[in-house]
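Everything on this sheet refers to the single structure shown next.
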Amino acid sequence: MTTATKAKAPGNGGNRTERVEDAAKARAEAPFPGTGFAFAPGLADLPSYEDILSFNRENLDAMLAAGNAVAKGYQDLSRAWFGLAQESVEEALNAGRALAEARTIKELVDVQSNLTRVTVERAFVESSRLQDLSVRVAEAALEPFNGRVTAAVERWSKSAA
């Protein structure tokens with residue numbers, strides 16, 4: 001008949017198996033020393049498969065909503081850009097006609113100065129409008145994730161408590 005004997009660890013007293021078990025228990029109780037986070041003591045505290053599935057389904061829904069917001073925003077931005085391009089072409093044609101109709105150098109300089117002033121003013125106004133539209137698209141795309149981040153933080157803080 002054989003009996004299992006526990007080997008003594010050199011220099012520490014106690015046996016190696018007990019020390020390993022004690023270290024594993026201490027690590028399970030406080031896996032991240034100094035942080036206050038610890039693993040749940042039992043399987044009953046772990047989320048169920050349905051909870052995990054529901055949580056991930058909500059994350060997927062948030063991703064789809066964000067994707068839809070980006071697609072719609074891209075469509076709005078494209079419309080704005082193409083509208084701006086079309087208006088710019090029309091203005092350039094009108095300016096070309098006005099330049100061709102100028103009878104004196106003074107008229108030509110006046111038309112060119114007016115064209116430059118109008119173009120620069122429009123560039124500032126339109127760039128501001130496109131920037132605002134871009135910010136709204138980014139906010140709309142990130143909105144679905146705000147709730148999910150909050151839900152994740154609440155979920156993990158409850159698990160850690």
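Listed values, structure above:
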{"quantity": "Loop-resident sites, segment 61-115, for trypsin sites (Lys or Arg not before Pro), counting at most 13 other Cβ within 10 Å (DSSP)", "calculated": "ARG103"}
{"quantity": "Leading residue at positive end of dipole, segment 38-154 (Cβ point charges), from SER78, THR104, LEU130", "calculated": "THR104"}
{"quantity": "Efficiency of FRET between ILE52 and ASP132 - r from beta-carbon atoms, R0 45 angstrom, step 0.05", "calculated": "0.70"}
{"quantity": "Karplus-derived HN-Hα couplings along segment 82-87 (A = 6.51, B = -1.76, C = 1.60, θ = phi - 60°), whole Hz, x at Gly and Pro", "calculated": "5, x, 5, 5, 5, 5"}
{"quantity": "Computed lengthening from ASN114 to ASN94, 0.36 nm per intervening residue step minus Cα-Cα distance", "calculated": "6.0 nm"}
{"quantity": "Extended-chain gain in nm, criterion 0.36 nm per residue less alpha-carbon gap, ALA80 and GLU143", "calculated": "20.4 nm"}
{"quantity": "HN-Hα J in Hz across segment 133-149 - Karplus 6.51, -1.76, 1.60, θ = phi - 60°, x for Gly and Pro", "calculated": "5, 5, 5, 4, 5, 4, 5, 5, 6, 8, 3, x, 7, 4, x, 6, 5"}
{"quantity": "Order of THR116, THR104 under a 10 Å beta carbon neighbour criterion, fewest first", "calculated": "THR104, THR116"}
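Taken together, the values in this text are just the output of simple stated rules run on the coordinates, not laboratory data. As the structure is a computational prediction, the values presented were derived from the model and not from experiment. Virtual Cβ from ideal backbone geometry, glycine too; neighbours counted across all protein chains shown.
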